[in-house]
Amino acid sequence: MLSVLPPIPTAILFDWDNTLVDTLPVIHAAVNAAFAAINKPLWTLEQTRIGIHRSGRDAREHLYGDQWQIAEPIFYKVFKEQHLAQLTPMEAETAATLQKLQHYPLFLGVVSNKRGDTLRTEAAHLGWTNYFQRILGATDAAHDKPDPAPVHKILENTGLTPSKGIWFVGDSISDMHCAHNAGLTAVLYKTHPTAEEIVKPYSPDFSIEKLPELTKILDQMGLHSTDAL
């Protein structure tokens, strides 16, 4: 349990890749296929974990330089061939936790740097679409994470405005940076041992190691599920 409680949330926004679903192996295979095509040294799995956090449109030149028009289509070809077959929840309890969160008085959304159409295809494949009021991916807003634009976009016409009363749960530096840029409560989901090192200097407001910790914290704050009534 937290010794210092953050503001009671009105909304929880989640990252997708390697927060709700384990897609690192597929991303790793795809980026190395793209690197091989342009004779760039291949990455280790840890290098992929650290290096892949921007959206495609923001990362292409950083990853592939002036050969991005050759490499990027290869990345997406390999990714699309594998991603649904290998798509798995990040934890055994992920779906159950999302189901529980639906019974709290919260707006639930996804803000990802994965292409919006691909993101929503994955959510539908898992049967998770109805867990969220909105699912927002790369290019759905004018800019992608860490810019605050997708946060503003997902909250449009909800009556909610960016504040510390909105929690952003994610595993990467883009997530923590976006939360800071938008003035949200940054919640680091420590899905790997190096998580806290990776997100520096955008330190989280608090961290969790398992997704079900969220419901325990909400109960500790007095924000109870309607299932408990």
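Observations on the structure shown:
- Breaking point among (1) loosely packed, with under 15 Cβ neighbours inside 10 Å; (2) closer than 21 Å to C178 by Cβ, for M90: (1)
- For segment 1-55, residues that are within 20 Å of D205 (Cβ to Cβ) and hydroxyl-bearing (S, T, Y) total 3.
- The criterion of at least 3 residues that are over 13 Å from the mean Cα position of the chain (by Cα) and within 19 Å of P7 (Cα to Cα) is met, among strands (runs of 3 or more DSSP E) falling completely within segment 122-229, by 206-208.
- When segment 30-83 is filtered for residues that are surrounded by 14 or more Cβ atoms within 10 Å (Cβ to Cβ) and outside any helix (DSSP H, G or I), the ones remaining, listed by number, are I38, K40, W43, I52, H53, R54, S55, H83.
- From the list H103, H53, H62, H28, the one residue that fits, being at pLDDT below 95, farther than 23 Å from D147 by Cα and not acidic (D, E), is H103.
- Residue match in segment 148-155 (condition: under 27 Å from P201 (Cα atoms), surrounded by 23 or more Cβ atoms within 10 Å (Cβ to Cβ) and free of Cβ contacts under 8 Å to residues at least 60 places away in the same chain): yes
- P162 vs. criteria of a type outside the set (A, V, I, L, M), at pLDDT 95 or above, touching a His at 6+ places or on another chain (Cβ under 8 Å) and on the phi < 0 side of the Ramachandran plot: yes
- Flag for L20 being of a type outside the set (K, R) and modelled with pLDDT under 95: no
- Test for K210: is it touching a residue at least 24 places away in the same chain (Cβ under 8 Å), more than 20 Å from D58 (Cβ to Cβ), touching a Gly at 6+ places or on another chain (Cβ under 8 Å) and not assigned by TED's automatic domain parsing to the domain that holds I52: no
- Residues in segment 99-108 include none that are touching a residue at least 12 places away in the same chain (Cβ under 8 Å), assigned to a loop (DSSP other than H, G, I, E, B), in contact with a His (Cβ under 6 Å, 6 or more places away or on another chain) and among the hydrophobic types (A, V, I, L, M, F, W, C).
- Within segment 94-120, the set of residues being within 22 Å of E209 (Cβ to Cβ) and either among the aliphatic types (A, V, I, L, M) or within 17 Å of the chain's Cα centre (by Cα) (or both) comprises T94, A95, A96, T97, L98, L101, L106, L108, V110, V111, S112.
The values are calculated or read from the model by the stated rules, or taken from the named source; none is laboratory data. Please read these numbers as outputs of a predicted model, since none were measured by experiment. Heads up, the Cβs are rebuilt from the backbone with ideal geometry, glycines too, and the neighbour counts pull from every protein chain shown.
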